[in-house]
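Trainee: Let me give you the structure first, and then I'll get to my questions.
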């Protein structure tokens, strides 16, 4: 029961903050994405992300502190004690405060470039902070520094991927309702931009993933990948990751060129967009499964600490 | 980013990570007992304090240890505040008589809230 609530509250924090950072990052490197927003419509989807993601992040943070309190003291009401007497509690408080300031800003200001910039920076800091409240903090001195650095890069690269996936999925779903050539052009452009950045994100995720496994599993414990709960959850994560890569390759080498071709033959656009809708949503669902595996890993004993 | 620059950045990152992971000492994970006074399995004269040293910083509010005598009765101890964030210390409220004592500890990592437990025994002459 406790393990379950710890994992779910961790997942809520990961999903909301990676979305916040990733969507903001996508909008900053892909200016064309704006073309599809309906100007002047207050509840247009980008604004809802700026309101919903920080709210879920804050609720997830406090729920996680309560779950930690329940696990440490047997009662969730002692979450305040956990907050003030542990380092992870203090970091969680900072996380909630940053998300709170972003939420207030999003309520006051329109989602223009300045607000997205703020969401990108604050979201990035919040995402990076997970390296200080989980297994990323394992290791001391220069080894600890490298592990943390790898963890921060891993988290940010994951955010870039998740944010682009979610944005493109929403754009495709919306444009299937309107089917204007301008929408198709925006999506084709967005896919092309992400195809340029995606490989860098994947390389960073792979390299830093190897560094993290070095610290948390270790070469001499490689068999633990197959016979410990931690190892099995990590393998599940890798399987979901590889499936995401396969879908990403389909987007890049098959559907993106088809969409480019459809720009010249608008009649075929709907057909390509429908295929994209299926595969983008599937890839987003796999991303959620990867995050769920990570949320579970946080509660399991890494092989390196088993003696 | 142009292709050539991207390739250089990736290669650079890869070299850095590989080099660093080769020299980096394998890290410890979660709070483990590194040393204790009296030491595990030691035979000592009645100790004034019991001191436990862990591998990483612990959340003191949630970390403690219990001392039991040969018959399994709990011996009351008074916690002593230590400046060191990695250790726990307590003083038996009365001098320990001869016998085998067991220290059962619980240490919660201040970084991620993981609880580790363990126990060891020592003998008082």
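Trainee: Condition (residue is on the phi > 0 side of the Ramachandran plot and modelled with pLDDT under 90) applied to the range A:96-117: is it met by at least one residue?
Mentor: No, there is no match, as no residue in the range A:96-117 is on the phi > 0 side of the Ramachandran plot and modelled with pLDDT under 90.
Trainee: Here's something else I'd like to know. Could you list, ordered by first residue, the pairs with Cβ atoms under 6 Å in which the first is in the range A:3-23 and over 14 Å from residue A:102 (Cβ atoms) and the second is not in a helix (DSSP H, G or I), at least 6 apart or interchain?
Mentor: Listed pairs, sorted by first residue: A:3/A:299; A:6/A:299; A:7/A:299; A:10/A:298.
Trainee: Being under 22 Å from residue A:4 (Cα atoms), within 18 Å of the chain's Cα centre (by Cα) and within 14 Å of chain B (Cβ to nearest Cβ) narrows it down to one of A:236, A:295, so name that one. Lay out the reasoning, then the answer.
Mentor: Values: A:236 fails: within 14 Å of chain B (Cβ to nearest Cβ).
A:295 is the lone residue from the list that is under 22 Å from residue A:4 (Cα atoms), within 18 Å of the chain's Cα centre (by Cα) and within 14 Å of chain B (Cβ to nearest Cβ).
Trainee: On the basis of being within 30 Å of residue A:260 (Cα to Cα), away from chain B (no Cβ under 14 Å) and at pLDDT 90 or above, does residue A:190 make the cut? Lay out the reasoning, then the answer.
Mentor: Working: within 30 Å of residue A:260 (Cα to Cα): yes; away from chain B (no Cβ under 14 Å): yes; at pLDDT 90 or above: no.
No.
Trainee: Moving on to the next point. Residues being modelled with pLDDT under 90 and either touching a strand residue (DSSP E or B) at 6+ places or on another chain (Cβ under 6 Å) or assigned to a helix (DSSP H, G or I) (or both): count how many of those fall in the range A:1-47.
Mentor: Of the range A:1-47, the ones modelled with pLDDT under 90 are A:1-4, A:27-47.
Next, only the ones that are either touching a strand residue (DSSP E or B) at 6+ places or on another chain (Cβ under 6 Å) or assigned to a helix (DSSP H, G or I) (or both) stay: A:2-4, A:27-29, A:31-36, A:45-47.
Residues flagged as modelled with pLDDT under 90 and either touching a strand residue (DSSP E or B) at 6+ places or on another chain (Cβ under 6 Å) or assigned to a helix (DSSP H, G or I) (or both) within the range A:1-47 amount to 15.
Trainee: Please find, among A:121, A:94, A:125, A:82, the residue that is closer than 24 Å to residue B:115 by Cα, more than 14 Å from chain B (Cβ to nearest Cβ) and surrounded by 13 or more Cβ atoms within 10 Å (Cβ to Cβ). So that I can check it myself, show each step before the final result.
Mentor: Details: A:121 fails: closer than 24 Å to residue B:115 by Cα; A:125 fails: closer than 24 Å to residue B:115 by Cα; A:82 fails: more than 14 Å from chain B (Cβ to nearest Cβ).
Unique residue meeting the criteria: A:94.
Trainee: Collect the residues in the range A:264-285 that are surrounded by fewer than 21 Cβ atoms within 10 Å (Cβ to Cβ) and either under 29 Å from residue A:9 (Cα atoms) or within 14 Å of chain B (Cβ to nearest Cβ) (or both), keeping them in residue-number order. Talk me through it step by step, then tell me what you get.
Mentor: At the first step, the residues of the range A:264-285 found to be surrounded by fewer than 21 Cβ atoms within 10 Å (Cβ to Cβ) are A:264-268, A:270-271, A:274-275, A:277-279, A:281-282, A:284-285.
Within the range A:264-285, A:277, A:278, A:279, A:281, A:282, A:284, A:285 meet the criteria.
Trainee: Also, I was wondering about something else. Scanning the range B:55-77 for residues that are facing another protein chain (nearest Cβ under 9 Å) and in a loop (DSSP other than H, G, I, E, B), which turns out nearest to the chain's Cα centre (by Cα)? Don't jump to the end; show me each part of the working.
Mentor: Taking the range B:55-77 and keeping what is facing another protein chain (nearest Cβ under 9 Å), we get B:55-57, B:59-62.
Of the ones still in play, those that are also in a loop (DSSP other than H, G, I, E, B) are B:55-57, B:59.
On the way: B:55: 5, B:56: 6, B:57: 8, B:59: 11 Å.
The qualifying residue nearest to the chain's Cα centre (by Cα) is B:55.
Trainee: State whether the residues of the range A:133-150 include one that is more than 13 Å from chain B (Cβ to nearest Cβ) and buried (at least 23 other Cβ atoms within 10 Å of the Cβ). So that I can check it myself, show each step before the final result.
Mentor: Of the range A:133-150, the ones more than 13 Å from chain B (Cβ to nearest Cβ) are none.
Scanning the range A:133-150 turns up no residue that is more than 13 Å from chain B (Cβ to nearest Cβ) and buried (at least 23 other Cβ atoms within 10 Å of the Cβ).
Trainee: I would also like to ask the following. Quick one: which residue in A:169, A:203 is touching a residue at least 24 places away in the same chain (Cβ under 8 Å) and surrounded by fewer than 23 Cβ atoms within 10 Å (Cβ to Cβ)? So that I can check it myself, show each step before the final result.
Mentor: Numbers: A:203 fails: touching a residue at least 24 places away in the same chain (Cβ under 8 Å).
Matching residue, one of A:169, A:203: A:169.
Trainee: Checking the conditions here, which among A:45, A:116 is surrounded by 15 or more Cβ atoms within 10 Å (Cβ to Cβ), touching a helix residue (DSSP H, G or I) at 6+ places or on another chain (Cβ under 7 Å), in contact (Cβ under 8 Å) with a residue 60 or more places away in the chain and under 20 Å from residue A:155 (Cα atoms)?
Mentor: Working: A:45 fails: under 20 Å from residue A:155 (Cα atoms).
Result: A:116 is the single residue among A:45, A:116 that is surrounded by 15 or more Cβ atoms within 10 Å (Cβ to Cβ), touching a helix residue (DSSP H, G or I) at 6+ places or on another chain (Cβ under 7 Å), in contact (Cβ under 8 Å) with a residue 60 or more places away in the chain and under 20 Å from residue A:155 (Cα atoms).
Trainee: May I pose another question? Failed condition for residue B:81, given (1) within 24 Å of residue A:85 (Cβ to Cβ); (2) touching a residue at least 40 places away in the same chain (Cβ under 8 Å), with all others met?
Mentor: Exception for residue B:81: condition (2).
Trainee: In the range B:62-82, how many residues are loosely packed, with under 11 Cβ neighbours inside 10 Å and touching a strand residue (DSSP E or B) at 6+ places or on another chain (Cβ under 7 Å)?
Mentor: Matching residues across the range B:62-82 total 2.
Trainee: While we're here: What number of residues in the range B:28-54 are buried (at least 20 other Cβ atoms within 10 Å of the Cβ), away from every other protein chain (no Cβ under 14 Å) and in a loop (DSSP other than H, G, I, E, B)?
Mentor: 1
Trainee: Residue check: is residue B:107 within 13 Å of the chain's Cα centre (by Cα), part of a loop (DSSP other than H, G, I, E, B) and within 14 Å of chain A (Cβ to nearest Cβ)?
Mentor: The answer is no for residue B:107.
Trainee: Let me ask another. For the range A:202-225, which positions are at pLDDT 90 or above and either more than 11 Å from every other protein chain (Cβ to nearest Cβ) or farther than 23 Å from residue A:296 by Cα (or both)?
Mentor: A:203, A:205
The values are calculated or read from the model by the stated rules, or taken from the named source; none is laboratory data. All values derive from a computational prediction rather than experimental measurement. No Cβ is skipped: glycine too gets one built from the backbone with ideal geometry, and neighbour counts run over all protein chains shown.
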